[in-house]
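Worksheet for the structure shown next.
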Amino acid sequence: MVITEPLLSPITIKIFQTVSYIWACVIICLIISSIAIAITYFTDKYQKTSTLRRNYPVIARFRYLFEHMGVFLRQYFFSDDRGELPFNRAERSWIYRASKDIDSTTPFGSSLDIHKPGTALFVNSAFPTLDEEGIKTSAITIGPLCKHPYTTNAIINISAMSYGALSTPAVRALSAGSKLGGMWLNTGEGGLSKYHLEGGGNLIFQIGTAKFGVRNKDGGFDEDKLKEIAAHPQVKMFEIKLSQGAKPGKGGILPGIKVTEEIAQIRGIEVGKNAISPNRHPEINKVEDLLNMIEYVRNITEKPVGFKIALSSFDFFEQLCHSINERGEKSAPDYIVIDGGGGGTGAAPSSLIDSVGLPIKEVLPIAINIIKKHRLRERIKIVASGKLITPSEIAWALCTGADFINSARGFMFSLGCIQALQCNRDTCPTGITTHNKKLQRGLNPELKSVRVAAYARNIEKELSIIAHACGVKEPRELKRSHARIVTTAGTSVSMEELYHKHTHLD
């Protein structure tokens, strides 16, 4: 018998089989792709909702892809360090470094355009305070006429962000971080959750227009629930929310996709349905009504009560101060949170975010001047809110006359927010504003709480550096004479002169 050698070796046969398999896969993919393209072509060609897709089937879809990707391409590749909105890369990078406690110094020179009108420049002293004085912040007492006043030396605090708008791990991180940083955490209008309490920090309970957490079945106050909230020793103050800078004149919106069973129970609403707050408190129709509600809540809780407003009407502020003086200073709010237009939120109409409300740099000095004119400055403490996230912006607010600063997005950045603009879609990639468990998994509350506290600590550290450069011992000693504002002429004018001249203090 004659034994013949195989025509092809086993290795050659294996290669041939692999190549054949690859080609078969390629052909199948081409066939499937061709079918998909054909279906898309005819779908686009004969649909009637999009002109572009009807005129340019398939190809027009790339426009939407590029439009979506453009947000990320601009953020990471094309925008300069100072040109992005709402917060630029330079601001975000400083917060990331401060939160991680790593070097935040800058080499070679500033990239900030100091000639831009409105820029605040601080007046350094010929004899600055020696750094051996250390970091100091004096204590302030809010609500000294209350049975349970609140005293704190914190300058920057965590602004109102509701559980529901924020995820469970985000609230847990902020709660623990507020304790580590010695600052308060505002619950937002979504009620008080166990996650707010578990960190052990001081809390401000916000009463929104829907009165979530303290409402009765008709939407009004439930006194027993108010007393129950006030009984928590961690709850130091109450805040009546009139409006916020991102959406003045419109209530809060929590999409139904975020209303879980737990959130529904805390708020007193139905699972899976949109949680919509009225655009104002139905009981408050005038200044007198506001003062009555403040007095009502304060009598029940025996704790300081203030209100939050996106201020634009200075007539309102004049009327408020006039009514307080008529009724007696005991009737005054213990504090007022003044928010600026263009503020942050998870979801709001673009028309409100873009075009309604005045910026904080315009309203804060005028509001403080009005309170001074009516001799109520010592009685009412002022909290500034509205995109104040860096030491220089906060130093500006202190120079203007604010007692405290609230920040929401600054602390969101300290949690790892990348400004992906997904807050309203339950798809936040950093787990901060989503209830998707897979996305929440990436947010470690134990680690992030340390970064929350580090951000606040480094804010106060650099505030002290600015204060020392200006010749004072601590940030709360900064006055309007310590800052100058760049004008359209390119030169600067003293903040003291500018704000006195244009806000009719006399």
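The values are calculated or read from the model by the stated rules, or taken from the named source; none is laboratory data. Computed from a predicted model, the values in this text were never measured in an experiment. Virtual Cβ from ideal backbone geometry, glycine too; neighbours counted across all protein chains shown.
Brief remarks on what is shown
- Any hit, the range 103-113, residues being touching a Phe, Trp or Tyr at 6+ places or on another chain (Cβ under 8 Å) and closer than 19 Å to Val383 by Cβ: no
- Search result, residues across the range 158-211 that are within 15 Å of the chain's Cα centre (by Cα), without any contact (Cβ under 8 Å) to a residue 40 or more places away in the chain and in a loop (DSSP other than H, G, I, E, B): Thr187, Gly188
- One residue from Phe127, Phe87 being assigned to a loop (DSSP other than H, G, I, E, B), aromatic (Phe, Trp, Tyr) and at pLDDT 90 or above: Phe127
- Within the set Ile294, Ile284, Ile300, the sole residue that is crowded, with 16+ Cβ neighbours inside 10 Å, part of a loop (DSSP other than H, G, I, E, B) and not aromatic (Phe, Trp, Tyr) turns out to be Ile284.
- For the range 216-237, a residue qualifies if it is closer than 15 Å to Lys147 by Cα and either part of a helix (DSSP H, G or I) or touching a Pro at 6+ places or on another chain (Cβ under 7 Å) (or both), and the qualifying residues are Lys227, Ala230, Met237.
Listed here are the residues, each with its yes/no results for (1) of a type in the set (A, V, I, L, M, F, W, C); (2) modelled with pLDDT of 80 or more; (3) within 20 Å of the chain's Cα centre (by Cα).
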| site | (1), (2), (3) |
| --- | --- |
| Ser243 | no, yes, yes |
| Pro248 | no, no, yes |
| Leu254 | yes, no, yes |
| Val259 | yes, yes, no |
| Ala264 | yes, yes, no |
| Ile269 | yes, yes, no |
| Asn274 | no, yes, no |
| Ser277 | no, yes, yes |
| His281 | no, yes, no |
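- The set of residues in the range 482-506 that are part of a helix (DSSP H, G or I) and modelled with pLDDT under 95 comprises Met495, Glu496, Glu497, Leu498, Tyr499, His500, Lys501, His502.
- Among the candidates Leu197, Leu166, the residue that is touching a helix residue (DSSP H, G or I) at 6+ places or on another chain (Cβ under 8 Å), in the same structural domain as Leu398 (by TED's automatic domain parsing) and surrounded by fewer than 24 Cβ atoms within 10 Å (Cβ to Cβ) is uniquely Leu197.
- Complete set of residues in the range 101-123 that are surrounded by 13 or more Cβ atoms within 10 Å (Cβ to Cβ) and in contact (Cβ under 8 Å) with a residue 40 or more places away in the chain: Asp101, Ser104, Thr119, Ala120, Leu121, Phe122, Val123
- Residue list for the range 1-51, restricted to those being in a loop (DSSP other than H, G, I, E, B), of a type in the set (Asp, Glu) and modelled with pLDDT of 80 or more: none
Here's the yes/no breakdown for (1) modelled with pLDDT under 95; (2) part of a helix (DSSP H, G or I); (3) not basic (Lys, Arg):
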residue: Ala347; (1), (2), (3): yes, no, yes
residue: Asp354; (1), (2), (3): yes, yes, yes
residue: Arg379; (1), (2), (3): no, no, no
residue: Lys387; (1), (2), (3): yes, no, no
residue: Ile394; (1), (2), (3): no, yes, yes
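- Selection within the range 396-412 - out of contact with any helix residue (DSSP H, G or I) (no Cβ under 7 Å at 6 or more places or on another chain), crowded, with 24+ Cβ neighbours inside 10 Å and either assigned to a helix (DSSP H, G or I) or among the β-branched types (Val, Ile, Thr) (or both): Trp396, Met412
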